[in-house]
Amino acid sequence: MNTKGKPEIRVCRDCDTPLIFTFLWAYNEYYCINCGVPTEFLGNKYMVLTRELKAKKTVVEKFWKGLRKSMLPNGRYQMTGCKKCGPEDHNHHETPLEKEKSRIAYQMLESLKGCFDEVPNENS
């Protein structure tokens with residue numbers, strides 16, 4: 001909340017797109033779908049939550065929810081429900097199908113860059 005009591009939202013410092021919280025990249029807890037910029041937990045920008053930002057946040061979260069299920073994180077991690085995880089990290093025994101789904105999801109995420117860029121007005 002800002003000093004005037006209005007709710008705020010964490011946005012990209014470069015393009016004002018709502019950020020998504022992710023544990024996908026080590027030391028970069030937030031990600032901007034529009035810029036493709038991963039950012040750390042601290043030092044982000046906040047804006048008052050407007051209707052437009054709320055709508056963008058909804059779209060961003062739906063895109064992210066669909067893609068994240070298939071994306072394999074970098075670094076060490078364990079997968080919930082995997083019987084081999086525990087004694088070793090999941091990245092030591094990822095299946096070919098998991099790797100293929102992850103590759104496709106990363107490509108799709110990459111293709112979303114610029115999805116909120118302004119469309120030039122034909123009169124300008």
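The values are calculated or read from the model by the stated rules, or taken from the named source; none is laboratory data. All figures in this text were calculated on a predicted structure; none of them were measured in a lab. Neighbour counts run over all protein chains shown; Cβ positions are idealised from the backbone, glycine included.
Exactly one residue out of Gly81, Gly36 is within 23 Å of Arg10 (Cβ to Cβ), small (Gly, Ala, Ser) and at pLDDT below 90, and it is Gly36.
Of the numbered criteria (1) loosely packed, with under 14 Cβ neighbours inside 10 Å; (2) within 22 Å of the chain's Cα centre (by Cα); (3) of a type outside the set (Gly, Ala, Ser); (4) part of a loop (DSSP other than H, G, I, E, B), the one Lys83 fails is (2).
Residues in segment 1-53 that are in a helix (DSSP H, G or I) and either touching a strand residue (DSSP E or B) at 6+ places or on another chain (Cβ under 7 Å) or in contact (Cβ under 8 Å) with a residue 12 or more places away in the chain (or both): Leu53 alone.
Rundown of residues vs (1) among the basic types (Lys, Arg); (2) crowded, with 17+ Cβ neighbours inside 10 Å, yes/no style:
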{"position": "Ile9", "(1), (2)": "no, yes"}
{"position": "Phe21", "(1), (2)": "no, no"}
{"position": "Trp25", "(1), (2)": "no, no"}
{"position": "Cys35", "(1), (2)": "no, yes"}
{"position": "Leu42", "(1), (2)": "no, no"}
{"position": "Val48", "(1), (2)": "no, no"}
{"position": "Lys56", "(1), (2)": "yes, yes"}
{"position": "Glu61", "(1), (2)": "no, no"}
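The set of residues in segment 55-77 that are basic (Lys, Arg) and over 18 Å from His92 (Cβ atoms) comprises Lys56, Lys57, Lys62, Lys65, Arg68, Lys69. For segment 86-102, filtered to residues that are surrounded by 13 or more Cβ atoms within 10 Å (Cβ to Cβ) and in a helix (DSSP H, G or I), the residue that is modelled with the highest pLDDT is Lys101. In segment 85-110, the residues that are touching a residue at least 12 places away in the same chain (Cβ under 8 Å) form Cβ pairs under 6 Å with partners that are of a type in the set (Gly, Ala, Ser) and outside any helix (DSSP H, G or I), at six or more places apart or across chains, as follows: Lys101/Ser70; Ser102/Ser70; Ala105/Ser70. The residue that is farthest from Met71 (Cα to Cα), counting only those in segment 1-48 that are among the aromatic types (Phe, Trp, Tyr) and over 11 Å from the mean Cα position of the chain (by Cα), is Tyr46.
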